[in-house]
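Single-structure report; data block below.
The values are calculated or read from the model by the stated rules, or taken from the named source; none is laboratory data. Note that this is a predicted model, so its numbers are computed, not measured. So basically every Cβ, Gly included, is an ideal-geometry build from the backbone, and we count neighbours across all protein chains shown. With ligands, DNA and RNA removed, areas are computed over all heavy atoms of the protein, side chains included. Shrake-Rupley method; radii C 1.70, N 1.55, O 1.52, S 1.80 Å.
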Amino acid sequence: MKRSDGKRLKNADPMYTVAAHIMDKRYDAMNMITIDVPYDPIQEYIRAKHKEGVKLSHMGLVLSAYIRTVSQFPMLNRFIVNKKAYARNHICVSMVVLVGGKMDHGTMAKIYFEPTDTSLQVEEKINKFIEENRNAPENNGTEKLIKVLLKIPGLLSLGVPVLKWMDRHNILPKAIVDMSPFHNSMVISNLASIRTNHIYHHVYEFGTTGVILTIGNSREVPKRKGKEIVFEKCMPIGVVMDERIASGSYFALAFRKFRSYLANPETLETPPEEVFKDPDV
């Protein structure tokens, strides 16, 4: 059976096929790192754009940098289901929105992006997404699915295992895949917005999440400068990856590029010169 959200990879490196059988659970394949991104270049850039009448956010720039990285390193957009590797046919990011500004009431949904999106386009999509989900959460697909599962006593206990089974066998209806916040290219959470440190968030076993990013409170990081040790203010980003979708060296190169985009955020104002396709599709 074909999936609505991706294409089966039949010519991928055999190592990925073996890895998916050895580590058949996503939580078995979690690798975690912290990326310390210099804070000052981002803050100075945001202030300069604000003077021009353009409002940008830290979240928007991080997301823009990741989308740009995916456009250059498409294997980040792969996923594993039932020990099989797939290339996702779109870019979508899941995030939590606080409903009505209440700290204890959030809704989770996803935004769709294009690999050619600039930082201004990403910011616009984020603002529209937050406004729609904060002011009218009843229109959120996730909320609708939850209400259906809770409507009939016992349906939740029966329904969730059935949905998981259907997903493993590629027969989960497209409408549910589209509503599910667990079927995504990446999950992002700005914990700094609630004055919390970054964490290493688990990747969900249900769905297709391959990468999760969390942005934490800024911190001082020691750095060697000549013969001295200086402290640089950084924005820490906790990253959790499903190592079955790409090699460690591929992840390393991709996140090195990701960091360089954030060190030079002005590069995200224009579309990429070239968008690369998954090499095994």
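Of all the residues in the range 232-267, those that are open to solvent by 60 Å² or more (accessible area, probe 1.4 Å) and of a type in the set (Asp, Glu) number 2. Starting from residues that are open to solvent by less than 60 Å² (accessible area, probe 1.4 Å) and under 21 Å from the mean Cα position of the chain (by Cα), keep the ones in the range 268-281 and report whichever is modelled with the lowest pLDDT. Looking at the filtered set, the residue picked out is ASP278. Looking across the range 58-87 at every residue that is of a type in the set (Lys, Arg) and under 13 Å from the mean Cα position of the chain (by Cα), the one that is farthest from ASP40 (Cα to Cα) is identified as ARG78.
Among the candidates ASP36, ASP40, ASP13, the residue that is of a type in the set (Asp, Glu), surrounded by 14 or more Cβ atoms within 10 Å (Cβ to Cβ), touching a strand residue (DSSP E or B) at 6+ places or on another chain (Cβ under 9 Å) and on the phi < 0 side of the Ramachandran plot is uniquely ASP36.
For the range 202-218, which residues satisfy the criterion of being without any contact (Cβ under 8 Å) to a residue 60 or more places away in the chain and in contact with a helix residue (DSSP H, G or I) (Cβ under 9 Å, 6 or more places away or on another chain)? PHE206, GLY207, THR214, GLY216, ASN217, listed by residue number. For the range 192-201, the criterion of being open to solvent by less than 40 Å² (accessible area, probe 1.4 Å) and either among the basic types (Lys, Arg) or without any contact (Cβ under 8 Å) to a residue 60 or more places away in the chain (or both) is met by none of the residues.
Kindly indicate whether ARG47 is surrounded by fewer than 18 Cβ atoms within 10 Å (Cβ to Cβ) and modelled with pLDDT of 95 or more.
On the way: surrounded by fewer than 18 Cβ atoms within 10 Å (Cβ to Cβ): yes; modelled with pLDDT of 95 or more: yes.
Judged against the criteria, ARG47 is a match.
Looking at HIS58, HIS90, HIS21 in this structure, which one is touching a residue at least 24 places away in the same chain (Cβ under 8 Å), open to solvent by less than 70 Å² (accessible area, probe 1.4 Å) and more than 21 Å from HIS198 (Cβ to Cβ)? Just one listed residue meets the conditions, HIS90.
As for the range 31-43, it holds at least one residue that is within 13 Å of ILE245 (Cα to Cα) and in contact with a helix residue (DSSP H, G or I) (Cβ under 9 Å, 6 or more places away or on another chain).
Looking across GLY154, GLY226, GLY207, GLY159, one residue alone is open to solvent by less than 80 Å² (accessible area, probe 1.4 Å) and touching a Leu at 6+ places or on another chain (Cβ under 6 Å). It is GLY159.
Among the candidates PHE129, PHE73, single out the residue that is modelled with pLDDT of 95 or more and of a type in the set (A, V, I, L, M, F, W, C). Quick ask: steps written out before the conclusion?
Details: PHE129 fails: modelled with pLDDT of 95 or more.
Testing whether each residue is modelled with pLDDT of 95 or more and of a type in the set (A, V, I, L, M, F, W, C) leaves just PHE73.
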